[in-house]
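Any read-out appearing in this document is the output of simple, stated calculations on the displayed coordinates, not a laboratory observation. Computed from a predicted model, the values in this text were never measured in an experiment. All Cβ positions, even for glycine, are placed from backbone atoms using ideal geometry, and neighbour counts span all protein chains on display.
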Amino acid sequence: MTNSKSAVVEVHADRIERIRDVLAMISLGEFDPAEHLIPSDYDDDFSSFEETINLFARQLHASVRESEAAMQKLEGARVELEAKLATIERQRVAIRELSTPVVELWEDIITLPVVGELDSQRAKEMTDRLLHRIAEGGARCAIVDVTGVAVVDTATAYHLLQMVAATRLLGTFCVLTGISPRVADTLSHAGVELRDVVTRGTLRDGLEECFDHLRAGKNGTAKKRATTQRTAKEHG
């Protein structure tokens, strides 16, 4: 029915229902253009509105698929990046372990050669490795050799003192070797006290110091055992 002002189109309820179903499928993310488009069963003014709904639904579906593809690509890139970062971390750990080897020089004697710059992070890692090795193997003597350290300033000396103190807490005799006269003079002028630390000029000297310590320990143990046995006989 029409008049001079507007045209009125009678629309069956099922056509409204189909539009509602399409919009519902879109909102649920289940819309498929191959199955859910509104069929063109009518040729009237309302059919143009239905086609507009179909056009909107197709474009939205295409946009959603593009977004999903982009998200999948980003996810793939993220997984790849995480794999690369994990590889880099494994390599970093391997390099760190190679750069801070704890070597067994003799029975009950291990050494940690320090090469290069010694900052807070590296000092902590070295100390952790040294303490782990002591706890694991029960080494009675440890030598921290700094011959390969180019510059020993106040901060470096502080890290070394902490390292020596940490080994002592585990009952391990610790010797600091590789302190050159120039470095000793530098530390002296900087006010760094090494009086409580056993220091030797070379790794060989440090090894001899450890031998002396172990021999003294054996002699002391033997004397203590003999004294205990003599006391037991006297009271027997």
Mean Kyte-Doolittle of at least -1.0 and a Cα length of 24 Å or more along the axis: which whole DSSP H helices of the chain meet both?
-> 45-99
Top of I16, I143, I109 by mean-square fluctuation, Gaussian network on the chain, Cα under 10 Å | I16
Trypsin sites (Lys or Arg not before Pro) within segment 164-218: DSSP coil, no more than 15 neighbouring Cβ in 10 Å = R195
Among P181, P113, P101, which one moves the most in a GNM of the chain with springs linking Cα atoms closer than 10 Å?
-> P181
Using only Cα atoms, figure out Rg for the chain and give it as a multiple of 2.2 N^0.38 Å.
-> 2.29
Do any cysteines in the chain lack another Cys Cβ under 4.7 Å, and if so which?
-> C174
Charge sum, other residues only, whose C-beta stays under 14 Å from S67's C-beta, Lys/Arg counted +1 and Asp/Glu -1 | -1
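Quote the relative contact order of the chain in percent (integer), defining contacts as alpha-carbon pairs under 8 Å separated by 6+ residues. Before the final figure, lay out each step's value.
On the way: 216 pairs, mean separation 28.4, N = 236.
Computed value for the chain: 12 percent relative contact order.
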Which residue, H159, H132, H189, tops the fluctuation ranking in a GNM of the chain built on C-alpha contacts under 10 Å?
-> H189
Spatially proximal aspartates and glutamates relative to K218 (Cα-Cα < 13 Å; intrachain offsets below 8 disregarded) = D108
Tell me, in nm to one decimal, what length is gained between E30 and R90 on full extension, where the rule is 0.36 nm per residue of separation less the Cα-Cα distance?
-> 17.2 nm
Between I179, M25, F49, whose Cα lies farthest towards the positive end of the dipole of the chain when Lys and Arg beta carbons carry +1 and Asp and Glu beta carbons carry -1, centred on the Cα centre?
-> I179
How many angstrom lie between the C-alpha centres of segment 12-27 and segment 104-124?
-> 75 Å
